[in-house]
Amino acid sequence: MTLSLDLSSPAARPAPSPRAIPAEKPSLIGLARDDMAQLLVRAGIVPERQAKMRVQQLWHWLYVRGVSDFADMFNISKDLRAALASNFSIARPEIVEEQISNDGTRKWLFRFPARGAGRAVEIETVYIPEEGRGTLCISSQVGCTLTCSFCHTGTQKLVRNLTAEEILSQLLTARDRLGDFPDRDTPAGAIVPAEGRKVSNIVMMGMGEPLYNFEAVKTALLIASDGDGLALSKRRITLSTSGVVPEIARTGAEIGVMLAISLHAPNDDLRDLLVPINKKYPLKDLMAACRAYPGLSNAKRITFEYVMLKDVNDSLDDARALIKLLKGIPAKINLIPFNPWPGTNYQCSDWETIERFADFINNAGYASPIRTPRGRDILAACGQLKSESERMKKTERLALEAMMIAGHGE
């Protein structure tokens, strides 16, 4: 049974209730250390000679202890805490809804306040618990420009890029909800051990194309991997792109995380239909960028994501073409059973077809795991994310459930 918690009413939120980010105050979350120091000095809160020390204190409270209220920073003077609270925010986004799938997957609908002349926006973030790890799927944009024909998110127009603060806040809020920060009573020097973390991995595979929001994504991921804060290994951070070729080399050189390519087709004609960005950056250019990816090796291979669409891209001829395309690239090929959504014209490949495809890829020397669909019942699976401003009607949800039962026996 799916559990859905509507948290739009403040009275309904669990304690401690998340504080909505006040739009009128700049946030300290998502700032590089130098930028944070300059902001503190310009505001007249700390003298320049103390800025580095104060930033280190704040960094610890924000990213090791996970506090969302300056009042909880008990080793900072009361006057300084009051000055910080008057000038800045470190609050979390509003949690509008939290859904828990029957397989343990969680999906949050976050609302961020209006910025400038814009309006408040909503995005979705998904947590997938697995044996020995927990993966958080983070969004980088509100909506998407890519219009991949099989993707639910692609049916929602791009509203705007998320800021580094908004990207990072998804991780911080998820850790809050999962109890992944030290308890308030834990000694100040304590850090949650890596093996005890509920969020051990993050993937930039949520709403949007991360490389169309490069600078904000870069800032957020460098903070997430900073050893004195959230301290996630770059080997446990994966950025997925549909193929924004000019930014792929920068991703390796400037961020240094693992790379995933949303491929889904072994030739240009088919990929033009499934992933329209291919018309701008065809496979020849994309494969060249992958071969040149900084740090590429058998130990740091590229993941290619391939959604299995019945009678579209799932034949053995397609598998042969895929092997030829990827020749010479250290790679893993994730086969993703298509996740249905109301209005789609696609169907998931039969399970026997997927297994036959996987066996062919494996026999050619490539790892080709079949991704177990997670969170389908709450539209949290790959390709299903969409803002709650585009909330499905009850009839659409019933149509989805019927589609799943008829097509997948679930």
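The values are calculated or read from the model by the stated rules, or taken from the named source; none is laboratory data. Only a predicted model underlies this, so the values are computations on that prediction, with no experimental measurement involved. Here the Cβ is made from the backbone with ideal geometry for all residues, glycine too, and neighbour counts use every protein chain on show.
Filtered by the rule that a residue be assigned to a strand (DSSP E or B) and exposed (fewer than 15 other Cβ atoms within 10 Å of the Cβ), the range 317-347 gives no residues. Set side by side, the residues D268, D272, D285 differ, and just one is modelled with pLDDT of 95 or more, closer than 21 Å to F357 by Cα, in the same structural domain as R235 (by TED's automatic domain parsing) and over 24 Å from the mean Cα position of the chain (by Cα), which is D268. Every condition in (1) of a type in the set (S, T, Y); (2) in the same structural domain as A32 (by TED's automatic domain parsing); (3) assigned to a loop (DSSP other than H, G, I, E, B) holds for S139 except the one numbered (2). Every condition in (1) more than 21 Å from R250 (Cβ to Cβ); (2) surrounded by 14 or more Cβ atoms within 10 Å (Cβ to Cβ) holds for C290 except the one numbered (1). Looking only at the range 295-344, residues that are of a type in the set (F, W, Y) and at pLDDT below 95 come to 2 in all. Within the range 24-66, can you find the residues that are β-branched (V, I, T) and without any contact (Cβ under 8 Å) to a residue 60 or more places away in the chain? Answer for the range 24-66, where residues must be β-branched (V, I, T) and without any contact (Cβ under 8 Å) to a residue 60 or more places away in the chain: V41, I45, V46, V55. Scan the range 36-91 for residues that are surrounded by fewer than 18 Cβ atoms within 10 Å (Cβ to Cβ) and among the aromatic types (F, W, Y) and jot them down. Result: F74, single match. Of all residues being in contact with a helix residue (DSSP H, G or I) (Cβ under 6 Å, 6 or more places away or on another chain) and crowded, with 20+ Cβ neighbours inside 10 Å in the range 248-265, which is farthest from V199 (Cα to Cα)? Just the residue, please. Among residues in the range 248-265 that are in contact with a helix residue (DSSP H, G or I) (Cβ under 6 Å, 6 or more places away or on another chain) and crowded, with 20+ Cβ neighbours inside 10 Å, the one farthest from V199 (Cα to Cα) is A265. Among the residues that make up the range 116-130, is at least one of them assigned to a loop (DSSP other than H, G, I, E, B), under 17 Å from P26 (Cβ atoms) and not assigned by TED's automatic domain parsing to the domain that holds L232? Checked against the condition, which is being assigned to a loop (DSSP other than H, G, I, E, B), under 17 Å from P26 (Cβ atoms) and not assigned by TED's automatic domain parsing to the domain that holds L232, the range 116-130 yields no hits at all.
You will find that of D268, D350, D314, D359, the residue that is out of contact with any Lys or Arg (no Cβ under 6 Å at 6 or more places or on another chain), surrounded by 20 or more Cβ atoms within 10 Å (Cβ to Cβ) and among the acidic types (D, E) is D314 and no other.
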